Amino acid sequence: MLLTVAPTPRLELPPLGPAHAEEMAAVLADPALYAFTGGTPYGVEELRARYARLAAGSPDPAVGWVNRVLRLRADGRLAGYVQATVTDGGRTAEVAWVVGTPWQGRGLAAEAATALVGALADAGAELVVAHVHPEHRASERVAAAAGLHPTDRVHDGERRWEAPLSAR
């Protein structure tokens, strides 16, 4: 899905692609990143193949994928990614974010997620959703910073957060 995500004061947010695999393997290498989501870090070749599939777009024409890396404007290094799965004719988007351990605690995920939600709103999305583990306080802060609010709904152990964009 073609979606322009504007740069932020500290970040460029270019589309994720296979060329990012080597650097992103290092960014995502800390097993602690998977404490709330499960899984283990991917190797370079696994990421390269995964990123090639993501860059090609969803095989389902009713689903759009937006995947952006977080490139620090100060030094050009990658620090994580944001993503959205867009459905319902572009009206609904589910978003997620990951920032590598060395860059956590600086507000980068909130900055990137806010930029992504803004781009989705500009593209006509009406509802943005995120699923956050109820003990993952940092992700709760990111969701809140991006304008999402917790609901009472829980799916696979994660609380659903929502932002109706028509209210923006």
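The values are calculated or read from the model by the stated rules, or taken from the named source; none is laboratory data. Predicted model only: the values in this text are computed from it and were never measured. Cβ coordinates were reconstructed from backbone atoms using ideal geometry, including for glycine residues, and neighbour counts include every protein chain displayed. For the accessible areas, the whole protein counts, side chains as well, though only heavy atoms, and no ligand, DNA or RNA atoms are used. Shrake-Rupley method; radii C 1.70, N 1.55, O 1.52, S 1.80 Å.
How large is the dipole of the range 67-122 about the Cα centre if only Lys and Arg carry +1 and Asp and Glu carry -1, each at its Cβ, rounded to the nearest 20 debye?
Values: 6 positive and 5 negative charges, 47 e Å.
The dipole magnitude comes to about 220 debye.
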For the chain, report the accessible area per residue in Å² (1.4 Å probe, heavy atoms, rounded to an integer).
52 Å²
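Give me the extension gain from A32 to R10: residue separation times 0.36 nm, minus the current Cα-Cα distance, reported in nm with one decimal.
Contour length minus Cα-Cα distance gives 5.5 nm.
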List the relative contact order of the chain as a percent without decimals, with contacts defined as Cα pairs under 8 Å and 6+ residues apart.
20 percent
Projected-area average for the chain over all orientations - Cα convex hull basis, square nanometres
9.3 nm²
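Leaving ligands, DNA and RNA out of it, report the carbon-plus-sulfur percent of the accessible area of the chain at a 1.4 Å probe.
Of all accessible area on the chain, carbon and sulfur atoms account for 53 percent.
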Dipole of the chain, positive end: most advanced residue of A35, L47, V82 [Cβ charges, Cα centre]:
V82
